[in-house]
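Here's the structure, in structure tokens; my notes come after.
The values are calculated or read from the model by the stated rules, or taken from the named source; none is laboratory data. A quick note: this is a predicted structure, and the numbers were derived from the prediction, not measured. Note that each Cβ is placed from the backbone with ideal geometry, even for glycine, and that neighbours are counted across all protein chains shown.
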């Protein structure tokens, strides 16, 4: 799935910074940029991006004006997601009242952007499942839980004699290594006192998908798929985790459907 993004900010340095950070996300392509709300509306109507990173305070026409205009001109199904960017925390309430997907405080850093992109991907999967891809997804997900816009819950991880609550949104992968089940997160790996099949029953699917007998991956953390041989793939997880896992031929098709590849 390619995510087409537009960056809107009246400050050239802020635009360049955000575009540079977006380059680290291999599924994102820049569809355009703008310097105020009016230009943002023009670019959105012309390019039909998936998401707009939108500064709130700009001269002439601000970001909130742009969102109101887009709500009047585009139906929900094709309206781009909005990630607000601003240096002022006081705008958060109004931003979310306009159904912003996320709200980033400047200067935006890589961690903030990664969290926002996880929400963007979840919302786009949800939108696709509710639209024309529903039949295809349903045929491959018989008996599984419907796609949800947010992950909640936790698993108990063990490390250095401590039991730690691992938020599901931070678990990139669960896999067996030498009979031990591990959960991989950006903070490192944690031992689970669960077999993979037991963990699978406790995880929302998707975004958690079984890709082989020994491994479950969180789709939010998949950077890309690398084709191997005989119809198999390697799922390369995002740099914050830095792990590659085998995808069996039998499970590869479902994973490609879910990722839109």
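Brief remarks on what is shown
- Here is the figure for the stretch 234-257: residues that are in contact (Cβ under 8 Å) with a residue 40 or more places away in the chain, in contact with a helix residue (DSSP H, G or I) (Cβ under 7 Å, 6 or more places away or on another chain) and farther than 17 Å from residue 117 by Cβ total 2.
- Any chance residue 66 is touching a helix residue (DSSP H, G or I) at 6+ places or on another chain (Cβ under 7 Å), assigned to a helix (DSSP H, G or I) and at pLDDT 90 or above: no
- Apart from one condition, residue 228 fits all of (1) closer than 27 Å to residue 24 by Cβ; (2) surrounded by fewer than 16 Cβ atoms within 10 Å (Cβ to Cβ); (3) touching a residue at least 60 places away in the same chain (Cβ under 8 Å); the exception is (3).
Residue-wise test of (1) in contact (Cβ under 8 Å) with a residue 12 or more places away in the chain; (2) surrounded by fewer than 20 Cβ atoms within 10 Å (Cβ to Cβ); (3) touching a helix residue (DSSP H, G or I) at 6+ places or on another chain (Cβ under 7 Å).
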| position | (1), (2), (3) |
| --- | --- |
| 176 | yes, yes, yes |
| 184 | yes, no, no |
| 201 | no, yes, no |
| 232 | yes, yes, yes |
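- The stretch 159-174 - residue that is outside any loop (DSSP other than H, G, I, E, B), touching a strand residue (DSSP E or B) at 6+ places or on another chain (Cβ under 7 Å) and touching a residue at least 24 places away in the same chain (Cβ under 8 Å) and, of those, farthest from residue 122 (Cα to Cα): 159
- Within the stretch 37-52, the residues that satisfy the criterion of being closer than 21 Å to residue 124 by Cα and free of Cβ contacts under 8 Å to residues at least 60 places away in the same chain are 40, 41, 43, 44, 45, 46, 47, 48, 49, 52.
- Test: residue in the stretch 94-101 that is at pLDDT 80 or above, within 23 Å of the chain's Cα centre (by Cα) and either in the same structural domain as residue 170 (by TED's automatic domain parsing) or under 18 Å from residue 5 (Cα atoms) (or both): no
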